[in-house]
Amino acid sequence: MAPIENRLTLENVSAGYNGQRVLQDLTFQVVHGGQVAVVGPNGAGKSTLFKVLVGLLPLRSGQILIHGLPLGAHTDCVAYVPQRREVDWRFPVTVTDVVMMGRYNRQGWLRQRGRDDRAAVQHALEQMGIGDLARSPIGDLSGGQQQRVFLARALAQEPHIL
């Protein structure tokens with residue numbers, strides 16, 4: 001087994017919405033470099049799990065450790081690709097703007113986009129095969145292209161967990 005600092009650990013995690021538990025006493029580990037598929041029917045808690053992992057939903061009980069440290073101790077360690085219904089596609093931003101959002105925790109609020117940020121964004125766009133869409137408004141893209149943009153945003157974040 002990998003050392004504790006090289007894995008994702010969930011111990012007795014419970015979370016939910018409006019008094020209803022969606023996840024209850026969930027425990028598992030993923031070693032560094034591991035790949036996991038989370039599958040299940042609608043309402044099984046897949047999105048709830050990911051929202052807990054990125055801090056969008058608080059834990060009711062249990063703990064999450066990333067590289068041996070509690071959730072929130074790392075900056076941009078976990079990247080999340082939202083479901084389509086969670087995005088306002090009318091918001092007037094370009095593909096590059098959306099992908100650059102993955103760099104905000106590295107930039108801070110007042111810092112300008114640096115060379116490393118621009119390079120990470122360009123690399124992520126190329127990885128997803130959408131470099132030619134960089135200046136396109138996000139709302140003008142097809143559903144598949146929009147998903148690629150959000151995957152590129154997650155990749156530009158340079159996360160340990162995607």
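Some points to look at:
- Thr27 open to solvent by less than 60 Å² (accessible area, probe 1.4 Å) and at pLDDT 90 or above: no
- Residue pairs whose Cβ atoms lie under 6 Å apart, separated by 6 or more positions or on different chains, with the first residue in the stretch 66-92 and in contact (Cβ under 8 Å) with a residue 24 or more places away in the chain and the second aromatic (Phe, Trp, Tyr), are Tyr80/Phe50; Val81/Phe150.
- Against the list (1) at pLDDT below 85; (2) farther than 27 Å from Ala124 by Cβ, the condition Thr9 fails is (1).
- Count - residues of the stretch 116-136 that are open to solvent by 60 Å² or more (accessible area, probe 1.4 Å) and touching a residue at least 40 places away in the same chain (Cβ under 8 Å): 1
- Sub-9 Å Cβ pairs linking a first residue in the stretch 7-28 that is under 13 Å from Pro58 (Cβ atoms) and free of Cβ contacts under 8 Å to residues at least 60 places away in the same chain to a second residue that is acidic (Asp, Glu) and open to solvent by 30 Å² or more (accessible area, probe 1.4 Å), at least 6 apart or interchain, are Val13/Asp25; Ser14/Asp25, ordered by first then second residue.
- Only residues that are in contact with a strand residue (DSSP E or B) (Cβ under 6 Å, 6 or more places away or on another chain) and either of a type in the set (Lys, Arg) or more than 15 Å from Tyr17 (Cβ to Cβ) (or both) were counted across the stretch 33-60, and they come to 4.
- Figure legend. Inter-residue proximity from the stretch 142-161: first residues farther than 22 Å from Gly72 by Cα and modelled with pLDDT of 90 or more, second residues small (Gly, Ala, Ser) and buried (at least 21 other Cβ atoms within 10 Å of the Cβ), beta-carbon distance below 8 Å, spacing 6+ or different chains. Indicated pairs: Ala152/Gly102; Ala152/Ala124.
Residues checked against (1) farther than 15 Å from Val13 by Cα; (2) modelled with pLDDT under 85:
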| site | (1), (2) |
| --- | --- |
| Gly34 | yes, no |
| Val38 | yes, no |
| Asn42 | yes, no |
| Val52 | no, no |
| Pro70 | no, no |
| His74 | yes, yes |
| Val81 | yes, yes |
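- The set of residues in the stretch 30-43 being more than 21 Å from Arg7 (Cβ to Cβ) and either open to solvent by less than 50 Å² (accessible area, probe 1.4 Å) or not in a loop (DSSP other than H, G, I, E, B) (or both) consists of Gly40 alone.
The values are calculated or read from the model by the stated rules, or taken from the named source; none is laboratory data. What you see is a predicted model; the values in this text were computed from it and never measured. We place every Cβ from the backbone using ideal geometry, glycine too, and count neighbours over all the protein chains shown. When the accessible area is computed, the model is the full protein with side chains, heavy atoms only, and any ligands, DNA or RNA have been set aside. Shrake-Rupley method; radii C 1.70, N 1.55, O 1.52, S 1.80 Å.
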